[in-house]
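The values are calculated or read from the model by the stated rules, or taken from the named source; none is laboratory data. Worth saying up front: this structure is predicted, and the values here are computed from it rather than measured. So basically every Cβ, Gly included, is an ideal-geometry build from the backbone, and we count neighbours across all protein chains shown.
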Amino acid sequence: MADDKLKQEFLYMASLTSKYDFHRMEVVEGILRLENERRILDSVFGRRFKTRIFDIAAGVDIDEKCVLCGMPADNHVICNHCMETILGSDYAKNKIKIKEKIVNVKDYLKYAAAVCLILILFIQMWLLYLLHTIPDRNPTVEPKVSSTEPSAVSDMDSALIELKKEFPEEEGYEITFAREDYDNVGRFLLENGACCAEVEENLSDEERYDYFFTEPVYVFYISNIEQYSARIGIAEINQSGSILLLGKFNDGRRIDSFYKYR
Ligand SMILES: [Zn+2]
């Protein structure tokens, strides 16, 4: 163990000597500061080494003999013979191999971490994709609109005939006359499918002026009762045969507001 400690010390001194210029005080200070924390250079050789490199940095007159063997040293610290012996030893070679292994393992870990991050990224992208492909739980269905052009009506009977064309008895619809009434002119001029309430929320003052004139309309109840479902609502038809609907005719559409049907 003691032998190993000394070998470690020798290798450390030789590595420092081969790497650094001890004429630079900041280098020597760095080495001595680290040494204070880690206490590697504890032997008589180590202490001699520390004194020597400090003297070199401080520029004082120094002994030019190797701190290990006492033979002349060109670099004023460790002679070439000692350097070669230490750095060429089996101990030094083993240490270098271990260091390389650690570096390889670190590289491997880096790659593994990178692969993991990429995988996580792909999983996140996949989840996002899934999220976007899940069908909406409350799909908004486009309002059903008439495929025929308005045809003018002159009384309740002709109004009923027009409505029956849209909601035929043979499909289960029942239409009942409710009353004659008045409704806003503007509603009957909307695009088919437009929701009256939504349009009215956004009218400008000038648009309101024309929109809220009223005209006479015929009002009917419409129902279609099946075993497991029912469609009920109100239809208004004006004299030019345009139709407004309110009620449960299309899933997902607001059923509390009239919309332009024809
Ligand atoms: Zn020597």
Lone qualifier among L87, L68 - being more than 8 Å from the ligand (Cβ to nearest atom) and more than 20 Å from M25 (Cβ to Cβ)
L87
Given (1) of a type in the set (A, V, I, L, M, F, W, C); (2) without any contact (Cβ under 8 Å) to a residue 60 or more places away in the chain; (3) outside any helix (DSSP H, G or I), where does A235 come up short, assuming only one miss?
(2)
Right, A73: modelled with pLDDT of 90 or more, within 12 Å of the ligand (Cβ to nearest atom), under 22 Å from I96 (Cα atoms) and among the hydrophobic types (A, V, I, L, M, F, W, C) or not?
no
So I86, is it among the β-branched types (V, I, T), surrounded by 10 or more Cβ atoms within 10 Å (Cβ to Cβ), touching a Leu at 6+ places or on another chain (Cβ under 8 Å) and in a loop (DSSP other than H, G, I, E, B)
no
Out of (1) out of contact with any strand residue (DSSP E or B) (no Cβ under 8 Å at 6 or more places or on another chain); (2) over 13 Å from Y261 (Cβ atoms); (3) touching a residue at least 40 places away in the same chain (Cβ under 8 Å), the odd one out for E171 is which?
(1)
Collect the residues in the stretch 15-73 that are assigned to a loop (DSSP other than H, G, I, E, B) and over 24 Å from K93 (Cα atoms), keeping them in residue-number order.
F22, H23, R24, G59, V60, D61, I62, D63, E64, G70, M71
Residue hits (the stretch 3-40; in contact with a Phe, Trp or Tyr (Cβ under 6 Å, 6 or more places away or on another chain) and surrounded by fewer than 19 Cβ atoms within 10 Å (Cβ to Cβ)) are K7, V27, I40
